[in-house]
Structure formats: structure tokens, C-alpha cells
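The values are calculated or read from the model by the stated rules, or taken from the named source; none is laboratory data. Only a predicted model underlies this, so the values are computations on that prediction, with no experimental measurement involved. Cβ placement follows ideal geometry from the backbone for every residue including glycine, while neighbour counts extend to all protein chains displayed. Please note that ligands, DNA and RNA were not included when accessible areas were found on the heavy atoms of the full protein model with its side chains. Shrake-Rupley method; radii C 1.70, N 1.55, O 1.52, S 1.80 Å.
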Amino acid sequence: MTSRTTKTKRVGDGIAALIITLMLSACGGRGGAPTTRILFLATGYFHTCAVLDTGRVKCWGSNGNGQLGLGDTANRGDGPNEMGNALPAVDLGTDRTITQLGAGQAHTCVLFDNGQVKCWGWNQLGGLGLGDTLPRGDGPGEMGGALPAVDLGTGRTAIQIAVGGLHTCALLDTDQVKCWGDGFFGQIGLGNPGDRGDGPFEMGDFLPVVDLGTGRRATRIAAGSFHTCALLDTGQIKCWGLNTVGTLGLGDASNRGDGFGEMGDALPAVDLGTGHTATRIAAGSFHTCALLDTSQVKCWGQNNAGQLGLGDASHRGDAPGEMGDALPTVNLGIGRSATQLAAGEFHTCALLDTGQVKCWGQNNVGQLGLGDTNFRGDGPGEMGDALPFVNLGAGRVVIQIAAGFNHTCALLDNGTAKCWGFNSDGELGLGDTNVRGDQPSEMGDALSAVDIGTP
């Protein structure tokens with residue numbers, strides 16, 4: 001078993017290195033003035049959250065269920081004077097360091113450096129893992145010390161979290177996985193369509209681990225709207241949950257995890273092609289992508305908008321003969337490779353080896369950041385060198401990408417974040433509800449960074 005220290009480095013997406021890099025330059029902004037910097041981002045359906053170098057979390061966008069964790073249900077970022085220092089930090093009731101952040105349809109979770117997990121927001125199906133269906137964060141007195149940590153079992157801690165649409169998963173210190181919340185399609189992997197975490201005696205030692213197969217351990221997890229995937233110690237990927245369009249990559253349209261005998265050794269690994277293994281996974285609403293050991297990308301599942309990046313609109317993985325060597329890699333351009341992936345509802349983005357970003361798929365609200373509303377990847381001649389980079393400003397390099405339902409965000413090398421796409425609830429954090437990225441001259445230096453305030 002890998003030690004926790006080593007595992008944290010492996011599953012933390014370079015967070016430790018990122019924190020060091022950004023904090024070393026924290027006083028090196030223009031004019032030498034100290035600034036608050038963002039360390040990492042998470043995007044939900046219609047809200048966005050950031051962990052700051054001050055150790056605080058700030059969230060903006062949709063808040064109808066308390067997913068911003070501010071003790072009310074008022075959106076933030078959709079009107080003037082709601083961002084910057086006017087935007088309160090989330091009260092988490094501890095000074096512990098936050099090592100990961102996740103956001104779903106209407107709930108948000110954080111992972112602390114001691115392995116504890118806290119979640120807030122919508123909870124009707126138990127996605128917060130607190131043994132009831134009461135939302136948290138939508139009224140006063142529900143956050144801070146009043147917000148319990150998720151009970152993961154006796155002696156158990158988490159080293160990674162994955163927040164899906166209405167469910168949540170944790171990769172434990174034992175390399176096992178536990179999931180709770182909405183289980184209707186089998187996305188929590190327990191062999192029945194029941195929910196977990198919405199009643200007493202369903203969490204902690206009562207919550208079984210997901211059966212990944214004999215001797216198998218997980219190294220990363222990802223959660224989509226209605227499915228979940230685990231990257232195994234072998235470099236293979238196993239996925240479970242909703243599969244009507246091949247989201248699980250198994251060559252059929254049958255759900256997995258919602259019936260007896262479908263998990264464990266009975267659950268096939270995704271065929272990535274001869275000799276290929278994966279190093280990262282990204283789960284969208286109905287599609288999944290893998291970063292291969294070659295730094296190439298393969299995607300499968302729903303492809304109505306070209307989100308698989310294959311130059312057509314045909315689903316992959318829902319019929320025999322579509323996976324493995326038959327599934328092409330995404331053409332990112334001559335000599336280009338990927339280092340990170342992010343998947344939204346119907347779009348996908350890759351952070352490239354150059355620190356630039358390319359996005360493809362649905363683009364009706366500018367979520368690809370290309371200054372128009374033309375889809376990319378659903379027709380021939382749209383990928384590779386023909387697919388433009390997202391313009392995020394002169395001289396800027398991207399550190400992290402995150403994809404929401406129909407919006408996208410990038411963490412830049414100067415510790416700022418820029419978001420574009422849909423903005424109905426202020427999820428772009430720009431003090432209005434105007435879409436960005438769907439018109440010329442809205443990206444690059446014209447796109448404002450999110451104002452998260454000063455120290």
C-alpha cells in the first residue's frame with residue numbers, strides 16, 4: 001500500500017507544487033503589492049468555488065440550495081458589488097489546510113489535510129453524507145463548527161473527493177472508494193438503485209466500499225452527472241452508473257452498479273487500446289475522457305455536440321467494436337499533448353503541454369471561449385491545428401482548468417482565474433449575467449479576471 005504522503009502527491013493534481021509556486025510569487029505582483037491568489041478551482045453546474053492562498057474558500061454563482069455556503073440562498077456574482085471583499089468566505093469551522101475542492105449540481109465539498117470531508121448545499125438524496133435530507137448552508141447557523149464532517153468509517157480518512165451531479169465519492173486512505181447520495185442509476189456502485197446518506201445508519205462503517213475487483217486499488221476517481229469512474233493501480237479504468245449512450249465505455253448501453261452481480265470482477269475495465277493505460281480521468285454529464293500514458297486523449301459516450309472531439313456526432317462506447325484500438329485519440333494539433341482534462345455537460349477541454357487550453361463540443365453560450373457560437377469537433381476539419389487555443393491574455397499560462405455545466409474556468413500562472421460561457425447566475429464571477437466567449441473581443445485581455453478580494 002502506498003503511503004498517504006506519496007498518495008497525496010499522486011492524486012493531488014500537483015496541488016502542492018502549485019501552492020509553492022504561487023506563494024513564492026505572492027508578493028511579486030505588479031508594483032510588489034501583496035495580492036490574494038487562487039490556488040485551485042472547482043466548477044459546479046451553475047456555481048464556481050476557489051481555494052485562496054489565505055486558506056479560505058470563496059464561492060459564487062447559483063445559491064438556491066446553499067451551495068455557496070453563506071447561510072442564505074442569494075446568488076453571488078450576478079450583480080455589482082457582490083464580488084471581491086464583499087464576497088464572504090465560507091465558514092468551515094477550522095483552520096486546517098484545504099487540499100481539494102469539488103462542486104456538483106447544487107452541492108459543494110472540501111477535503112482537509114487531515115483527511116476529513118465537509119459538504120454543504122442540496123441534500124435531498126443524501127449527497128452531503130450526513131444521514132439526513134436537510135440542506136446545509138442555506139440558513140444561518142448551519143456552517144462552521146455546526147457543519148459535521150462526513151463519517152467515512154472507523155479510522156478512515158480521504159485522500160481525494162469527486163463530486164457528481166447529486167452524489168459524492170471519496171478515495172480513502174486504504175485505496176478503496178466510498179460513494180453516497182443519488183444511487184438511482186448505480187452511480188454509487190453498491191449493486192442496487194438505492195440512495196445512501198439520506199437516513200441514519202447509512203454512513204460510516206454501515207456504508208460499504210465500492211467493489212472494484214479482486215486485489216484492485218483505486219488511485220484516482222471522477223464523478224459525472226450520473227456515473228463514476230475509478231483509475232486503478234493497474235492503469236485501467238472502471239466506470240459505473242448510467243450508460244444509455246456508452247458513458248461507461250463498455251460497448252453496450254446497460255447501466256452498471258444498479259443491480260446485483262454487476263460490480264467487482266464482473267465489471268469490465270474500459271478498453272483503451274493495445275498496451276495503453278490511463279493517468280487521469282474526467283467525467284462529464286454523459287461522456288468520459290481519459291488521459292493516456294502517451295499524453296494523448298480518448299473520449300467516449302455521448303457525442304451529440306462533438307464533445308468527444310472526433311469530427312462527427314456519433315456516440316462511442318454504446319455498441320461493440322467502438323472502443324480499444326477502434327477508438328481514435330483526440331487530435332490536439334501537431335506535436336501537442338495534454339496534461340489535464342475537464343469535461344462539462346456537452347463540452348471538453350484539455351490543458352496542453354504548452355500551458356494553453358483547447359476546448360471542443362457544444363458552444364451555444366461561448367463555453368469553448370472562441371468568440372463565437374460554432375460547435376467544434378462535430379464535423380471534419382475542426383480539430384487539430386484547426387482548433388484555436390483559448391485566448392486568456394497576453395503572456396498568460398494556464399495552471400488548471402475546470403468545466404461546469406455550460407461554463408469553463410482557468411487558473412492562470414499569476415494566481416488569477418478567468419471564466420467564460422454561460423452566466424445566468426453569476427457563475428463567471430463578473431458582477432453581471434452576461435455570457436462571455438460567444439462574441440468577438442470578449443476573451444483575452446478583454447476578459448476580466450474574477451475579483452476574489454484582497455488579503
Ala266: passes all of (1) more than 21 Å from the chain's Cα centre (by Cα); (2) touching a residue at least 40 places away in the same chain (Cβ under 8 Å); (3) farther than 17 Å from Ala162 by Cα but (2)
Restricting region 17-57 to residues that are open to solvent by 40 Å² or more (accessible area, probe 1.4 Å) and modelled with pLDDT of 95 or more, which is farthest from Phe422 (Cα to Cα)? Arg56
With respect to Thr108, is the statement that it is at pLDDT 95 or above, crowded, with 17+ Cβ neighbours inside 10 Å and either out of contact with any strand residue (DSSP E or B) (no Cβ under 7 Å at 6 or more places or on another chain) or among the polar types (S, T, N, Q) (or both) true? yes
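Going through Gly121, Gly126, Gly131 one at a time, which residue ends up being over 23 Å from Ala403 (Cβ atoms), buried (at least 24 other Cβ atoms within 10 Å of the Cβ) and not aliphatic (A, V, I, L, M)?
The conditions single out Gly126.
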Is one or more of the residues making up region 448-455 touching a helix residue (DSSP H, G or I) at 6+ places or on another chain (Cβ under 7 Å), open to solvent by 40 Å² or more (accessible area, probe 1.4 Å) and closer than 24 Å to Thr108 by Cβ? yes
Out of region 158-214, which residues are touching a helix residue (DSSP H, G or I) at 6+ places or on another chain (Cβ under 8 Å) and over 19 Å from Ala283 (Cβ atoms)? Asp173, Asp175, Asp211, Gly213, Thr214
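Say we look at region 269-278 and pick out the residues that are more than 22 Å from the chain's Cα centre (by Cα) and not polar (S, T, N, Q); which of these is surrounded by the most Cβ atoms within 10 Å (Cβ to Cβ)?
Asp271
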Filter result for the condition that a residue is open to solvent by 30 Å² or more (accessible area, probe 1.4 Å), hydrophobic (A, V, I, L, M, F, W, C) and in contact with a Lys or Arg (Cβ under 8 Å, 6 or more places away or on another chain), over Leu370, Leu392, Leu428, Leu352: Leu370
Look at Thr228 and say whether it is among the hydroxyl-bearing types (Ser, Thr, Tyr), under 25 Å from Ala103 (Cβ atoms) and part of a strand (DSSP E or B). yes
Could you tell me which numbered condition Leu212 fails, if it satisfies all but one of (1) surrounded by fewer than 24 Cβ atoms within 10 Å (Cβ to Cβ); (2) on the phi < 0 side of the Ramachandran plot; (3) assigned to a loop (DSSP other than H, G, I, E, B); (4) without any contact (Cβ under 8 Å) to a residue 60 or more places away in the chain? (1)
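Rundown of residues vs (1) under 20 Å from Gly115 (Cβ atoms); (2) at pLDDT 95 or above; (3) of a type in the set (Asp, Glu), yes/no style:
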| residue | (1), (2), (3) |
| --- | --- |
| Glu142 | no, yes, yes |
| Thr168 | yes, yes, no |
| Gly181 | yes, yes, no |
| Val210 | yes, yes, no |
| Ser225 | no, yes, no |
Filter region 153-168 for residues that are of a type in the set (Val, Ile, Thr) and more than 26 Å from Ala342 (Cβ to Cβ); the one that is surrounded by the fewest Cβ atoms within 10 Å (Cβ to Cβ) is Thr154
Unmet criterion (only one of (1) in contact with a Gly (Cβ under 6 Å, 6 or more places away or on another chain); (2) β-branched (Val, Ile, Thr); (3) open to solvent by 20 Å² or more (accessible area, probe 1.4 Å); (4) under 27 Å from Thr174 (Cβ atoms)) for Ile281: (1)
Of the residues in region 300-343, those that are part of a strand (DSSP E or B), without any contact (Cβ under 8 Å) to a residue 60 or more places away in the chain and surrounded by 21 or more Cβ atoms within 10 Å (Cβ to Cβ) come to Trp300, Gly301, Ala338
Select, from Asn406, Asn391, Asn414, Asn423, the only residue that is out of contact with any strand residue (DSSP E or B) (no Cβ under 9 Å at 6 or more places or on another chain), under 27 Å from Leu68 (Cβ atoms) and touching a residue at least 24 places away in the same chain (Cβ under 8 Å). Asn414
Filter region 183-197 for residues that are open to solvent by 10 Å² or more (accessible area, probe 1.4 Å) and under 23 Å from the mean Cα position of the chain (by Cα) and give the result. Phe184, Phe185, Leu190, Asp195, Arg196
Cβ-Cβ under 8 Å, sequence separation 6+ or interchain: first residue in region 155-178 and on the phi > 0 side of the Ramachandran plot and touching a residue at least 60 places away in the same chain (Cβ under 8 Å), partner assigned to a loop (DSSP other than H, G, I, E, B) and among the hydrophobic types (A, V, I, L, M, F, W, C). Which pairs? Asp175/Met1
Which listed residue, of Leu172, Leu147, is in contact with a Cys (Cβ under 9 Å, 6 or more places away or on another chain) and surrounded by fewer than 22 Cβ atoms within 10 Å (Cβ to Cβ): Leu147
Need the failing condition index for Glu142 against (1) surrounded by 21 or more Cβ atoms within 10 Å (Cβ to Cβ); (2) touching a residue at least 60 places away in the same chain (Cβ under 8 Å); (3) within 21 Å of Thr73 (Cβ to Cβ); (4) touching a Phe, Trp or Tyr at 6+ places or on another chain (Cβ under 9 Å), just the number. (1)
Pair list, Cβ < 6 Å and 6+ apart or interchain, from region 234-252 residues that are modelled with pLDDT of 95 or more to residues that are of a type in the set (Val, Ile, Thr) and surrounded by fewer than 19 Cβ atoms within 10 Å (Cβ to Cβ): Gly235/Thr277
